[in-house]
Amino acid sequence: MRKDLEPSNCIKAVPIFKNLSVDELDKIIMISKHKRLEKGDFIYQSGDVLNSLYVIHQGKVKVTRYSDDGKEQVIRILSHGDFLGELALFKENSVSTYAEAIEPTVVCLVENSSLKELMGQSPALSIKMMNELLSRLDRAESMIEQSNLYSADAKVARLLLDLQMHDLVYFKTTKINLSSQLGITRETFSRRLKKFEELGYIKVIDNKTIKILSKNKLELIINPDLI
């Protein structure tokens, strides 16, 4: 096995595991295994009952759900170090979403039964798992609020500010996926980027990279009351 694909590298990449002791990490590594996925393969589909925690080691995974009329909504795009399936650690229910590899991907699997046993022995791990769940709930509530209350301008502005680092935004997935995540069409997404560039708020460097020129102007789009 390539060194970069060893289970130890996979597990150490997960934020909730980073502060564990060497002994605790070794125990998780011992119960983990790798699975390779091709583009279009599913980790799980709606209706499946999960029995493992899945960690993205390489590649990208799209988590989606479908409306009654068959419209896809992208919920999250996961990459190296991200994980899913953690809710099954606390309650065994079938999932209502789909997790699909959008490029060749390697995931690590950690069986729930073994991880639950370890969590019982490690309060630190349990606390970090709960904190991550609360964080995800906050993000989910923010997405619902954004979908219900924000205009298309505000949705795109919020996304740019959320993704920016040192005034640069790098899109790690396609505009189709990003627009679906925002609940708008790709055309609307592209028009808003062009509009912001014409106004001098951003500069489109290439198809995947944007430079933020005015954070304040983007903030005002989201919250006009700041004026």
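Each reported figure results from applying straightforward, stated rules to the coordinates on display, with no laboratory input. These figures come from a predicted structure and were not determined experimentally. No Cβ is skipped: glycine too gets one built from the backbone with ideal geometry, and neighbour counts run over all protein chains shown.
With r as the distance between the Cβ atoms of Glu103 and Asn223 and R0 = 35 Å, compute the FRET efficiency 1/(1 + (r/R0)^6) and round to 0.05.
My answer for the efficiency is 0.45.
Quick one: if the Förster radius is 35 Å, what FRET efficiency do Leu161 and Ser67 give, using the C-beta to C-beta distance and rounding to 0.05?
That gives a FRET efficiency of 0.80.
May I ask you to compute the full-extension gain from Lys208 to Ser21, defined as 0.36 nm times their residue separation minus their alpha-carbon distance, rounded to one decimal in nm?
63.5 nm
Whose amide H sits under 5 Å from the amide H of Asp48, counting only residues 5 or more places off or on another chain, with H placed in the peptide plane?
Correct list: Val95.
Over all Cα pairs of segment 10-52, how is the pair count split among 10 Å bins, expressed in % and running from 0 up to the last occupied bin?
The percentages, shortest bin first, are 21, 40, 31, 8.
Could you compute the FRET efficiency for Asp48 and Asn216, with r as their C-beta to C-beta distance and R0 at 41 Å, rounded to 0.05?
0.35
Cut-off 16 Å, label point 7 angstrom out along Cα-to-Cβ of Ala124: give me the residues of segment 13-30 whose amide nitrogen falls inside.
Residues passing the 16 Å test: 13-29.
In whole angstrom, how long is each semi-axis of the equivalent ellipsoid of the chain, when you take the square root of 5 times every eigenvalue of its Cα gyration tensor and sort them from largest down?
Taking √(5λ) for each eigenvalue gives 34, 19, 18 Å, largest first.
Please compute the Kirkwood hydrodynamic radius of segment 3-122 from all pairs of different C-alpha atoms, in Å with one decimal.
So the Kirkwood estimate lands at 14.8 Å.
Label points 7 Å out from Cα along the Cβ direction at Thr188 and Asp153: separation in nm?
Rounded to a tenth, the inter-label distance reads 1.5 nm.
Rg and Dmax in Å for segment 150-226, alpha carbons only: what are they?
In order Rg, Dmax, the Cα atoms of segment 150-226 give 11.3, 32 Å.
Helix-only estimate, please: 222 nm mean residue ellipticity of the chain, summing -39500 (n - 2.57) across DSSP H runs of length 4 or more and dividing by its residues, to the nearest 500.
Result for the chain: -12500 deg cm²/dmol, rounded to the nearest 500.
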